[in-house]
1. Which fully enclosed helices (runs of 4 or more DSSP H) of the stretch 1-96 have 3 or more residues being touching a residue at least 12 places away in the same chain (Cβ under 8 Å) and farther than 22 Å from Glu161 by Cβ?
2. Scan (1) within 17 Å of Val356 (Cβ to Cβ); (2) in contact with a helix residue (DSSP H, G or I) (Cβ under 9 Å, 6 or more places away or on another chain) for the single condition Ala238 breaks and write down its number.
3. Among the helices (runs of 4 or more DSSP H) contained in the stretch 677-755, which hold 3 or more residues that are open to solvent by 20 Å² or more (accessible area, probe 1.4 Å) and assigned by the TED database to the domain that holds Asp806?
4. What are the pairs, 6+ residues apart or on separate chains, where a residue within the stretch 409-424 that is in contact (Cβ under 8 Å) with a residue 60 or more places away in the chain and assigned by the TED database to the domain that holds Ser466 has its Cβ under 8 Å from a residue that is open to solvent by less than 60 Å² (accessible area, probe 1.4 Å) and part of a helix (DSSP H, G or I)?
5. Restrict the check to the stretch 591-614 and report whether at least one residue is hydrophobic (A, V, I, L, M, F, W, C) and not in a helix (DSSP H, G or I).
6. What's the total number of residues in the stretch 18-29 that are surrounded by fewer than 13 Cβ atoms within 10 Å (Cβ to Cβ) and more than 38 Å from the chain's Cα centre (by Cα)?
7. When the stretch 284-299 is examined, which residues are found to be over 12 Å from Leu324 (Cβ atoms) and surrounded by 15 or more Cβ atoms within 10 Å (Cβ to Cβ)?
Amino acid sequence: MAMEVTQILLNAQAVDSSVRNHAEENLKQFQEQNLPSFLLSLAGELANDEKPAESRKLAGLILKNALDAKEHNRKLELVQRWLSLDQTVKAHVKACLLKTLTSPALEARSTASQVIAKVASIELPHKQWPELIEALLSNTHQLPAHTRQATLETLGYICEEVSPDVIEQAQVNKILTAVVQGMNASESNNDVRLAATRALYNALGFAQANFSNDMERDYIMRVVCEATLSPELRIRQAAFECLVAISSTYYERLAPYIQDIFNITAKAIKEDEEPVALQAVEFWSSICDEEIDILEEYGGEFSGDSDVPCFYFVKQALPALVPLLLETLLKQEEDQDQDEGAWNIAMAGGTCLGLVARTVGDDVVPLVMPFIEENIAKPDWRQREAATYAFGSILEGPSPDKLMPLVNVALTFMLNALMNDPNNHVKDTTAWTLGRIFEFMHVSISETPIITQANCQQIMTVLLQSMNDVPNVAEKACGALYFLAQGYEDVEQSSSPLTPFFQDIIQALLNVTHRADSGESRLRTAAYETLNEVVRCSTDDTAPIVLQLVPVIIRELDQTFTAQCNSSEEREKRNELQGLLCGCLQVMIQKLGSSEPTKSNFLHHADQMMTLFLRVFGSKSATAHEEAMLAIGALAYCAGTDFAKYMQEFYKYLEMGLQDFEDYQVCAITVGVVGDICRALEGGILPYCDGIMTQLLKNLSSNQLHRSVKPPIFSCFGDIALAIGENFEKYLVYSMPMLQGAAELSVNTSGADDDMIEYTNTLRNGILEAYSGIFQGFKGSAKIQLLMPFAPHVLQFLDSLFMEKDMDDVVTKTAIGVLGDLADTLGSNAGILIQQSLSSKDFLNECLTSDDHLIKESAEWAKLAISRAISF
């Protein structure tokens, strides 16, 4: 087999599908029958300079895929598989890989670099292959340039793959020395210098100690800044990418260099080619992000500026930075509005200007206004568009007082431009800017609203007419209407100025969804999203119109099943449309179901809707499934006990959703819908509980299921227990140990990153909601004794959460609620345990004095329940 491997690898890339499939089958069999021999022949193929480039490349790729996978559990399997291979096999594969770094063939070297990094990511954490770094470093001194280039590339990939604590500081120092030497202007080979610059980008996370040392940091910064001046474009771009990464990783170390960096970035933004200029703008966007985060975190809490680790770089650079950014706005591309993924210097400059406005607030306004006033009415479209974009960019950040007078003048001007400007770019940006005005300025000051009875008519006329414009302009007009509607979400039920236009708005949006070109510029999606928002924020007096809309949307959903879809593109479009229509019905169900007068009229349509939702499950689209499932959850909540008549038919789809590990969002949403159905049917869900609980317990035990689905499953136990009360008895023996195990795991978060802490809090909340539902479900039952054995553990869990001091507000509220539920359900039996517990009293007192009124409310209830339990 090993003899023919070259031919098989070439056949696996053949044009003829039968040849290709046969070769892929051969490779699969070879791997399954004799893995060591398979890996050795691939490594040999990759290392052999006499073999064809195509077979070498694929050999390397298959090797890489034998070591790593995107899916977490598969990845763990592959790691274990490699670790358990015979040492001599592994040593031979690694020797072939290192030998390939000296090959004259670029693709083979590059593939070997990636595979070495994958092996390193498995072995280095296990203290294996200790000689690797030294072996690579010895390559960086002499040898032909292509080997130096491949070695630096490999070091870069290793830094990307392994975490900084795996490599000892002494080795980190040597890696950085080799990398920075490779970046030096004295390095004559551009490929080497580029590989070194890219490697530094990946190695920055390892350089904490080096950046704390003034001399080493000065040297690294000097070399990076020099590389931004290289004659080679790719090196300049990579060097600026390093600066961007340094700006976020080592913000607090930048002060001595910021003036030089400003000069370098300014020159690049003005004069360099776009890939480089984009990174230079990105540097300042990144500095803004850092300063926005710092200032948000420290809020208004600090007395003297000395406490805040903010250097106000943006504020200092403002007078020079803003004109620089405004200049970029005039460098638009002709077709940027049609291309969804477009990104160019004008867009980057506008984005950065928006971040600057959020960083410095009012100070940006006087620097931008002269540019707007000078260009807004110029004959050249580029100047009008740039001025409009500048105005839209500074609407978030400065205070409403500062912006109000400007917005009042601008609004009429913008509405005229959206109707009458001859240029589509200008119209596109104008509609976007109107959306920003409605988003940020609409609600902020109700004493002097921007939208008045006087101008509402003009605003509506212009927006509705613009929905007939070209797709990109119409899409932005939908967006503006979205924010306009959203601003009236919380107004008095009868006073929305949109009410007189409601029928026209709905009709205009429906017309957009039927446009032949609504597939362009996300137009159809935007129209449905806006329709949903308009319905969601509508008032009681427009409910009859929403009610008339229901059969229209039902008919449209029904028609999607009769349309012929022959190509995969047509099927995809149909699935997307089904998802949008289900989403639309969900919003209407929630809106009309929330008040009694409309609810009964609306429920006439329930049978029809349910039939269509179940048909959507026949399509293969996860998005459509999610939307249909959410709509069914809303319908269950609205229909209450009447939902029981659908359960028999719906149950198989519910089970399918709970088993959908692949599209785990569908699974998570289905778990939520089980909760909705529990609240709707209460005891009526009992006949289905065995099946549901079996599947939920299976899901919790599986390591194939995405972790984000596990917290809602625990909450769901609580929903089921609340619905079926003491009938939950037979599930206690399975669910309680699961809850206890998860509770123990969720207590300790030392050393966890922010994501992990956030997840842990979600998990804790799910566990606590389960306990709460179970205690409340058994309240007043003759079987409360069954819960007594679990009470000490629950109290211990609450104690340890209180001691850890890292609960978020949501968990704190649920936790103090559980303490109350325990006392409320178990009465005097619990009273004794609560008195003995370590911190219940302190926890309760802390919550009673909380600033969060929800926590305080929950604590007051718990106090009452506990005092009753203790006084028995």
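The values are calculated or read from the model by the stated rules, or taken from the named source; none is laboratory data. In this text the structure is predicted, and so the values were computed from the model without any measurement. Quick reminder, even Gly has a Cβ in these numbers, built from the backbone with ideal geometry, and neighbours come from all protein chains shown. Heads up: the accessible areas ignore ligands, DNA and RNA and are worked out on the full protein's heavy atoms, side chains in. Shrake-Rupley method; radii C 1.70, N 1.55, O 1.52, S 1.80 Å.
1. Details: elements: 5-11, 17-33, 35-47, 53-65, 72-83.
The helices (runs of 4 or more DSSP H) meeting that bar are 5-11, 17-33, 35-47, 53-65.
2. Failing condition for Ala238: (1).
3. Values: elements: 686-701, 710-724, 729-747.
Output list reads 710-724, 729-747.
4. Asn424/Asn472; Asn424/Val473
5. Step one: list which residues in the stretch 591-614 are hydrophobic (A, V, I, L, M, F, W, C), which gives 592, 602-603, 606, 609-610, 612-614.
Subset that is not in a helix (DSSP H, G or I): none.
Taking every residue of the stretch 591-614 in turn, none turns out to be hydrophobic (A, V, I, L, M, F, W, C) and not in a helix (DSSP H, G or I).
6. 2
7. Here is the first cut: in the stretch 284-299, the ones over 12 Å from Leu324 (Cβ atoms) are 285-299.
Matches in the stretch 284-299: Ser285, Ser286, Ile287, Cys288, Asp289, Glu290, Glu291, Ile292, Ile294, Leu295.
This table checks each residue for (1) touching a Ser or Thr at 6+ places or on another chain (Cβ under 9 Å); (2) among the β-branched types (Val, Ile, Thr).
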site: Met610; (1), (2): no, no
site: Ala624; (1), (2): no, no
site: Leu635; (1), (2): no, no
site: Gly640; (1), (2): no, no
site: Phe643; (1), (2): no, no
site: Gln665; (1), (2): yes, no
site: Val673; (1), (2): no, yes
site: Leu681; (1), (2): yes, no
